[in-house]
Every structure is written in C-alpha cells, then in structure tokens.
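Asks: One structure, pasted below without further comment.
The values are calculated or read from the model by the stated rules, or taken from the named source; none is laboratory data. Fair warning: this is a prediction, and the values are worked out from it, not measured in the lab. Counting neighbours? That spans all protein chains shown, and the Cβs are built from the backbone with ideal geometry, glycine included. Ligands, DNA and RNA are stripped out before the accessible areas are found, and what is left, the full protein with its side chains, is counted by its heavy atoms. Shrake-Rupley method; radii C 1.70, N 1.55, O 1.52, S 1.80 Å.
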Amino acid sequence: GGGGCAAMAEDEGLVSVDYEVFGKVQGVFFRKYTQGEAKRLGLVGWVQNTSHGTVQGQIQGPTARVRELQEWLRKIGSPQSRISRAEFSNEKKIKALEHKEFQILK
C-alpha cells in the first residue's frame, strides 16, 4: 500500500501477459468472443488454438483492463465453452503496446 495517488498511477501502467485456457474451448467460437471482449476493453494482442486443444495468446493494455479480460478468460469465455482453468505467465510492464489490434491467429 501507500497513498491513493501512488496506487492509481501504478494501475495506469501498461502490462503484457501471456495466457492459456484449458477445457472445452475449441469449436465453440472462443477466439471470436475473446477478440470481441478484448476490443470492447480496448486491449491488443492475439489469440489462437493450439494443437493440444487449448486456446492461447497474449494480452496488452492498461493493467485494470487486462485484469478484467483475465477474469473473463478464467470464468466466462464464449457461451458454449467449458473452461476448466486459465493460466497466465510472463507478465511484465511495457512502455508501449507491441500490437496494433487484437488478432485471431490461425
């Protein structure tokens, strides 16, 4: 903790985080919904299916917004998906966004 001001400034920084979502997440429009949610939150990055049945990608944007998408990936997902768990890794502060938009990669 510290002063309210410091906490606020801390939260305004940009972060980058990698994610992987496990469960029934392929063939249920998971990537399309993830892209839609990311755009709604003003985030950039990417999402793709993996060969082992998961969905993975990277999210970049303001910390608070990234947290919102992490929560969404952990609990909500697309309507027909069944998420067992979401793992996040390589979180780091960044000075500027490294992607122009949120893309679905093949």
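Asks: Does any residue of region 49-64 turn out to be more than 13 Å from residue 34 (Cα to Cα), in contact (Cβ under 8 Å) with a residue 40 or more places away in the chain, part of a strand (DSSP E or B) and open to solvent by 90 Å² or more (accessible area, probe 1.4 Å)?
Replies: Taking every residue of region 49-64 in turn, none turns out to be more than 13 Å from residue 34 (Cα to Cα), in contact (Cβ under 8 Å) with a residue 40 or more places away in the chain, part of a strand (DSSP E or B) and open to solvent by 90 Å² or more (accessible area, probe 1.4 Å).
Table: residues versus (1) closer than 18 Å to residue 32 by Cβ; (2) in contact (Cβ under 8 Å) with a residue 40 or more places away in the chain; (3) exposed (fewer than 13 other Cβ atoms within 10 Å of the Cβ); (4) among the acidic types (Asp, Glu).
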residue: 71; (1), (2), (3), (4): no, no, yes, yes
residue: 82; (1), (2), (3), (4): yes, yes, yes, no
residue: 89; (1), (2), (3), (4): no, yes, yes, no
residue: 99; (1), (2), (3), (4): yes, yes, no, no
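Asks: Also, quick follow-up: Out of 16, 51, report the one residue that is on the phi < 0 side of the Ramachandran plot, over 11 Å from the mean Cα position of the chain (by Cα), among the small types (Gly, Ala, Ser) and modelled with pLDDT of 95 or more.
Replies: Working: 16 fails: over 11 Å from the mean Cα position of the chain (by Cα).
Within the list 16, 51, the selection yields 51.
Asks: Which of the numbered conditions does residue 93 fail, given that it passes all the others? Conditions: (1) under 21 Å from residue 12 (Cβ atoms); (2) buried (at least 16 other Cβ atoms within 10 Å of the Cβ).
Replies: Just one mismatch for residue 93, condition (2).
Asks: Separate question: Is it the case, given these coordinates, that residue 33 is among the aromatic types (Phe, Trp, Tyr), assigned to a helix (DSSP H, G or I), closer than 22 Å to residue 75 by Cβ and at pLDDT 95 or above?
Replies: Working: among the aromatic types (Phe, Trp, Tyr): yes; assigned to a helix (DSSP H, G or I): yes; closer than 22 Å to residue 75 by Cβ: yes; at pLDDT 95 or above: yes.
Spelling it out, residue 33 is indeed among the aromatic types (Phe, Trp, Tyr), assigned to a helix (DSSP H, G or I), closer than 22 Å to residue 75 by Cβ and at pLDDT 95 or above.
Asks: Which condition from (1) outside any helix (DSSP H, G or I); (2) modelled with pLDDT of 95 or more is the one that residue 2 breaks?
Replies: Residue 2 satisfies all of (1) outside any helix (DSSP H, G or I); (2) modelled with pLDDT of 95 or more except (2).
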